[in-house]
Amino acid sequence: MTEQTIALVTGANKGIGYEIAAGLGALGWSVGVGARDDRRREAAVEKLRAAGADAFGVPLDVTDDASVTAAAELIEARAGRLDVLVNNAGITGGAPQEPTLVDPATIRAVVETNVIGVIRTTNALLPLLRRSPSPRIVNMSSSVGSLALQSAPGAGVGPIAVAYAPSKSFLNAVTLQYARELSDTKILINAGCPGYCATDLNGHRGLRTPEQGAAIALRLATLPDDGPTGSFFDDAGVVPW
């Protein structure tokens, strides 16, 4: 079993996920680039390696049981354990997302990736995380999932998006449930908001760079053993639920 810190980032072939992988690689970690597109995944791995990172590709579709199982087997064979899991893969579901106009199939698809995909991936990798001396799980959420911010006086945060925004509220709730169940273990699990970053997810309309968005994941991935668990953070601190 290697002594090098081992991480897996889902949806890591581009955008915030790529920058999370790059940031962890810069720490000297071995980083699995989880992505379902073979060409984009291997291109990302090559780019990370060219920058000096110890990166390796992990074929991974978080909506597919067999793919997630194979990813866990790959990491076990390579390293024997996993120290950090960053659940970054996500979709918006496109438009329209006004509650009166949305196709229910859109909501199902978004929840399948953004919530069930996180549960599927986390559960498959938990046995490997339990072997780590300091295991961390980071769920990439969003401030649009904050019910407190959505219900604040005024227009709330973000556009009306009955698939995407509630999927992040759901993810936040799931994060809390894991934190409760794992409270007697060494595993720390938290949700992180990257802010409004310019990525493919939003047509590059965001105001922050993917590298800026990755900062919260790097912070939560490197928490000390007495760090928080079951919390929701952005760069400024705690985000209200």
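The values are calculated or read from the model by the stated rules, or taken from the named source; none is laboratory data. Predicted model only: the values in this text are computed from it and were never measured. Ideal geometry is used to build each Cβ from the backbone, glycine not excepted, and the neighbour counts take in all protein chains shown.
Can you find even one residue in the stretch 164-174 that is crowded, with 18+ Cβ neighbours inside 10 Å, at pLDDT below 95 and not in a loop (DSSP other than H, G, I, E, B)? Steps first, please.
Filtering the stretch 164-174 down to residues crowded, with 18+ Cβ neighbours inside 10 Å leaves 164-172, 174.
Going one step further and asking which of them are at pLDDT below 95, we end up with none.
No, there is no match, as no residue in the stretch 164-174 is crowded, with 18+ Cβ neighbours inside 10 Å, at pLDDT below 95 and not in a loop (DSSP other than H, G, I, E, B).
Rundown of residues vs (1) at pLDDT 95 or above; (2) in contact with a Cys (Cβ under 6 Å, 6 or more places away or on another chain); (3) assigned to a loop (DSSP other than H, G, I, E, B), yes/no style:
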site	(1), (2), (3)
VAL138	yes, no, no
TYR178	yes, no, no
SER183	yes, no, yes
ILE189	yes, no, no
LEU201	no, no, no
ILE216	yes, no, no
Review point. So, of the residues in the stretch 96-155 that are exposed (fewer than 15 other Cβ atoms within 10 Å of the Cβ) and among the hydroxyl-bearing types (Ser, Thr, Tyr), which turns out to be nearest to TRP29 (Cα to Cα)?
Key: SER151
Study note, to complete from the structure: Among residues of the stretch 1-40 being more than 16 Å from the chain's Cα centre (by Cα) and of a type in the set (D, E, K, R), the residue nearest to ASN114 (Cα to Cα) is ASP37
Exercise for review: Kindly list, by first and then second residue, each pair from a residue in the stretch 8-33 that is closer than 17 Å to ILE91 by Cα to a residue that is of a type in the set (Asp, Glu) and surrounded by fewer than 24 Cβ atoms within 10 Å (Cβ to Cβ), limited to pairs with Cβ atoms under 8 Å and residues at least 6 apart or on different chains.
Suggested key: ASN13/ASP37; LYS14/ASP200; GLY15/ASP200
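Name every residue in the stretch 9-22 that is among the small types (Gly, Ala, Ser) and either in a loop (DSSP other than H, G, I, E, B) or more than 13 Å from VAL84 (Cα to Cα) (or both), in order of residue number.
Going residue by residue through the stretch 9-22, those that are among the small types (Gly, Ala, Ser) are 11-12, 15, 17, 21-22.
Scanning the stretch 9-22 gives GLY11, ALA12, GLY15, GLY17, ALA22.
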Practice item. Any chance you could count how many residues in the stretch 8-31 are in contact with a Phe, Trp or Tyr (Cβ under 8 Å, 6 or more places away or on another chain) and surrounded by fewer than 24 Cβ atoms within 10 Å (Cβ to Cβ)? Key: 1
